[in-house]
1. I'd like the Karplus ³J(HN,Hα) series for region 101-115: coefficients 6.51, -1.76, 1.60, θ = phi - 60°, whole numbers in Hz, and an x wherever there's a Gly or Pro.
2. Given a cut-off of under 8 Å on Cα pairs at least six residues apart, what relative contact order in percent is computed for region 74-152?
3. Binning at 5 Å from 0, report for region 192-262 what percent of all alpha-carbon pair distances ends up in each bin.
4. Per DSSP H run of n ≥ 4, the term is -39500 (n - 2.57); total these for the chain, divide by its residue number, and report the mean residue ellipticity at 222 nm rounded to 500 deg cm²/dmol.
5. I'd like the orientation of helix 122-136 relative to the chain: the angle between its Cα long axis and the longest Cα principal axis, in ° from 0 to 90, rounded to 10.
6. Based on the alpha-carbon gyration tensor of region 155-278 and its eigenvalue square roots a ≥ b ≥ c, which shape applies: rounded if a/c is under 1.5, prolate if not and a/b is larger than b/c, or oblate?
7. Angle between the Cα long axis of helix 242-277 and the longest principal axis of the chain, 0 to 90 degrees, nearest 10?
8. Treating the angle as unsigned and between 0 and 90°, give the value, to the nearest 10°, between the Cα long axis of helix 145-167 and the longest Cα principal axis of the chain.
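Taken together, the values in this text are just the output of simple stated rules run on the coordinates, not laboratory data. Everything numeric in this text was worked out from a predicted model, so none of it was measured. Virtual Cβ from ideal backbone geometry, glycine too; neighbours counted across all protein chains shown.
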Amino acid sequence: MRALDYRTRSRITAWVLGALTLAFLAYQWLPIFTLGVLSFAGPTGGTTFPMNGTSFHWYQELWRATVMNDFKPPLLRSTLLALACSATTVVLSVMAAQAMRGQFRGHGWFFYLLLLGIMAPGILVGFGFAIMMRLLGVELSWDTTTFLTHVSWTLPFGFLTMLAIFNRFDKKLEEAALTLGASRIVAFRRVTFPLILPGVIGAGLFGFSLSYDEFPRSMFTTGPDMTLPLAVMAQLDRQLTPEIYAVGTATTFFSLFAVTMCTFAFWAMRRQVQGRNS
C-alpha cells in the first residue's frame, strides 16, 4: 500500500511539474509565435487580429526597404558586433576561469569584479560610459565603444559558464599529460580544450545572443550608425507595421539556426574525437 501511495505521489508530482513546464514554455514562446503569424499579414494588414489576408509582402518590404526603414545595415552591424563579442567572450572567459583555478591572491575580488557587469544596470553603464568617452575625446561608434560595453555585459555569463565546466573537470587528466612529457600548451590543446568544449560553445552563444539584442547599453554608446535593436525602436517611434514583426521573426529564426548549427558542429566534433579514441 505504501509503495502504491509513493508511486501515485510520484506520478502526480511528475504531471504537475510537466504542466508547469509546458505553461512556462507557452508563456515564453506564444508571443514569439504570434509575432511570426502576424508577420505574414497581407499588404493592407495591420498589427492585430484578425489578419487581413496572408502574404510575404512584409518580408519583401524588408528586402526593398527605403532609406528610412532599411534594416539590412543595422542587421549587419549587430551580427558583426555579436560575432566579435562572442569570440572575445570565449577567449576572456576561458582565460579568467583558468586563472581562477590557480587560487591566486585576491581571486575573490577578481571574481566579484568580473560579475559587476551583471550587477550594474545596463542603462546606467551605457550612459556613464558614454560620458566618460566624451570627456576623453573618444568618438562613439558601434564597433568600439558599443563593443566594449557589450563585452562587459557578456563576459560574466561566459565566465560563470566556464567556472561550472572547470568545477567538474578532473585535474588528474592534465597532470597525467604533463607527466607524460606534454607541455602546458599541448596539454591544454589536446586534453583540456576538448573536455571543456561544451562550455566554450555555451560561452560563445551567450556572447552572441546577449550582444545581438542588447538595447540599454547600446542606446548611449553607438553613435550615428545604429544597431538592429536601436533601428527597431526608432521604427516603432515612427510607425508600427507588420514589417517589425517580419524583422523579429527573421532574427529569431536566424538565432535558432545559429544555435542548431553550433549544436551540430559540437556533435560532429565529439563523434570525431570518440572515433579517434576508439
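1. Working through the residues one at a time gives 5, x, 6, 6, 5, x, 5, x, 5, 4, 4, 6, 5, 5, 7 Hz.
2. Computed value for region 74-152: 45 percent relative contact order.
3. Cα pair-distance distribution for region 192-262, in percent: 3, 14, 20, 19, 17, 12, 7, 5, 2, 1, 0.
4. Calculated from helices alone, the mean residue ellipticity at 222 nm is -24500 deg cm²/dmol.
5. Between helix and principal axis, roughly 90 degrees.
6. Taking the square roots of the gyration eigenvalues as a ≥ b ≥ c, region 155-278 is prolate.
7. 20 degrees
8. So the helix axis and the longest Cα principal axis differ by about 40 degrees.
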